[in-house]
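Read through the structure below, which is laid out as structure tokens, and then see the notes.
Please treat every number below as a calculation from the coordinates, not as lab data. Please read these numbers as outputs of a predicted model, since none were measured by experiment. Here Cβ is always computed from backbone atoms with ideal geometry, including for glycine, and neighbour counts include all displayed protein chains.
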Amino acid sequence: MSDPVGLPARGTPPAELFAEMRAAKREDADWHGGRTWSLVYHASDAVDDVVAEAHALFLFENALNPRAFPSLKRFETEVISMTAALLNGPHARGSMTSGGSESILLAVKTARDRARAERDVDRPTVVAPLSAHPAFDKAAHFCDVEMVHTGLRDDFRADVGAVADAVDERTCLVVGSAFGYPHGVVDPIPELAAVAADTGVSMHVDACLGGFILPFLERLGHPVPPFDFRVDGVTSMSADVHKYGFTAKGASVLLHRDRALYAHQPYGYDGWPGGLYGTRGVQGARPGGPIAGAWAVMRYLGEEGYLRLARAVLETTHRLLEGVRSIDGLRVLGDPDGPVFAFTTTDDGQNVFAVGDAMDARGWHLDRQQLPDALHLMVSPGHARVADRFLDDLRAAVNEAGFAEASGGQARYGE
Ligand SMILES: *Cc1c(COP(=O)(O)O)cnc(C)c1O
């Protein structure tokens with residue numbers, strides 16, 4: 001641990017301050033050079049400039065009170081309605097949140113409260129395939145509902161039979177991913193939604209990753225399984241603008257199919273001397289930057305811009321998949337529907353993390369996964385430039401590593 005630091009007695013001149021911050025930043029992962037395969041979704045410098053200027057314009061504004069800042073209210077309303085149109089929810093209602101985890105927390109809370117109100121469920125459960133994002137486990141913990149995990153099929157998609165067996169009168173929510181983070185595959189959403197609808201249970205489609213790219217892949221003629229509000233029984237969806245929407249962190253959209261379902265989301269308390277506390281999400285004070293940034297990038301790119309980026313991502317993903325599949329000793333997990341995938345070794349006794357170490361040594365940053373051990377890639381438009389170099393290095397890394405002992409790199413996602 002570093003030594004504790006107290007607030008300095010005297011201030012620091014900006015030039016000195018920023019020099020120190022720039023120096024600190026040099027230790028960070030090189031996402032801009034395409035060396036990372038997670039965390040930052042880089043479209044182009046032009047897109048980043050638009051996001052940065054929009055953030056700066058609304059840096060200090062607070063979206064807590066829409067009457068004070070009608071601009072932010074308008075931007076948020078328009079981001080929600082543009083997203084609803086993309087996901088084919090003509091009557092959808094929702095809100096912007098700080099990210100996928102908050103969208104998911106609110107989806108679980110909304111489903112819990114709906115189950116209480118409509119079916120008098122007092123000890124609710126959430127049924128989620130193993131591949132569902134851990135934000136659902138966290139949400140279940142926060143909301144004091146029980147999590148029931150179900151298995152995956154051999155192709156890493158949700159096993160619908162297992163979900164059907166797990167759903168009962170206590171269930172408040174069934175979860176499906178479009179696409180899931182670990183394997184980039186879309187769950188069988190129509191079948192899952194039918195199971196949920198049969199019991200009057202809510203069904204959330206986690207499109208945090210896919211929400212801003214699957215609609216464009218579909219328009220490009222890429223086969224995209226049904227995943228959005230066109231599927232009967234889907235009651236809510238999450239889509240992160242700060243992933244394939246290409247804005248900066250802090251922007252996600254949560255949508256409910258209609259106003260009645262949305263009604264279980266907001267929270268209000270009117271007994272406080274400070275006045276009515278009414279919020280739709282977790283935050284009280286809400287930064288204006290993420291709302292402005294999301295609105296600006298969606299308006300700047302438009303459908304045409306997103307299609308161009310989706311085409312680049314798709315082309316690069318194909319190149320990478322083919323490249324990885326052509327390397328002796330490696331195999332891709334499942335058949336990814338989107339630009340996210342994981343690969344492991346063809347022989348279970350071999351150590352794929354040793355390849356990860358050899359790639360680290362070459363300046364790449366690949367995330368480690370488990371069940372099974374694998375390395376993980378999320379493809380951004382910026383990766384088009386580095387894909388060939390990456391594959392050359394991967395070939396060399398496999399030869400060199402020979403699947404030896406790894407240095408102890410562990411499968412991890414967060415802190
Ligand atoms: C990133 C992600 C989340 C969580 O979103 P955060 O913005 O990181 O909180 C949820 N689901 C999926 C599929 C994701 O990829």
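Key figures for this structure:
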item	result
Quarter of Cα convex hull surface for the stretch 216-336, i.e. mean projection, nm²	11.2
For the chain: lysine pairs under 27 Å (alpha-carbon distance), excluding those fewer than 8 apart on one chain	10
Cβ-based net charge around Val51, under 11 Å, with every Lys or Arg adding one and every Asp or Glu removing one	-3
Dimensions in Å of the stretch 10-75 - Rg and Dmax from alpha carbons	16.8, 44
Relative exposure of Met82, Met359, Met21, judged by other C-beta atoms within 10 Å (fewest first)	Met21, Met82, Met359
Overall dimensions of the stretch 146-256 by Cα: Rg and Dmax, Å	13.9, 41
Note, ³J(HN,Hα) from phi for the stretch 71-88, Karplus 6.51, -1.76, 1.60, rounded to Hz, x at Gly and Pro	4, 5, 4, 5, 4, 5, 4, 6, 4, 4, 6, 5, 5, 4, 5, 4, 9, 6
Under-5 Å amide H pairs with Ala207, H placed in peptide plane, nonlocal only	Ala178, Ser238
Neighbourhood net charge (12 Å Cβ-Cβ; Lys/Arg +1, Asp/Glu -1) for Leu130	-1
The stretch 256-415: radius of gyration over Cα atoms, expressed as a fraction of 2.2 N^0.38 Å	1.46
The chain: most fluctuating residue of Glu400, Glu53, Glu16 per GNM, C-alpha cutoff 10 Å	Glu16
Long-range HN-HN contacts of Ser95 with modeled amide H, under 5 Å	Leu254
Relative contact order %, the stretch 144-247, counting alpha carbon pairs below 8 Å whose residues are six or more apart	24
Structure-based [θ]222 nm, the chain - -39500 (n - 2.57) summed over DSSP H runs of at least 4, per residue, nearest 500	-12500 deg cm²/dmol
Size descriptor, Kirkwood hydrodynamic radius, that averages inverse alpha-carbon separations across the stretch 245-310, Å	14.6
Rg(Cα) / (2.2 N^0.38 Å) computed for the stretch 70-221, rounded to two decimals	1.05
Kirkwood Rh and Cα Rg combined as Rg/Rh, the chain	0.98
Likely footprinting exposure, Trp31, Trp37, fewest C-beta neighbours within 10 Å first	Trp31, Trp37
Tyr267, Tyr244, Tyr306 arranged by Cβ crowding within 10 Å, fewest neighbours leading	Tyr267, Tyr306, Tyr244
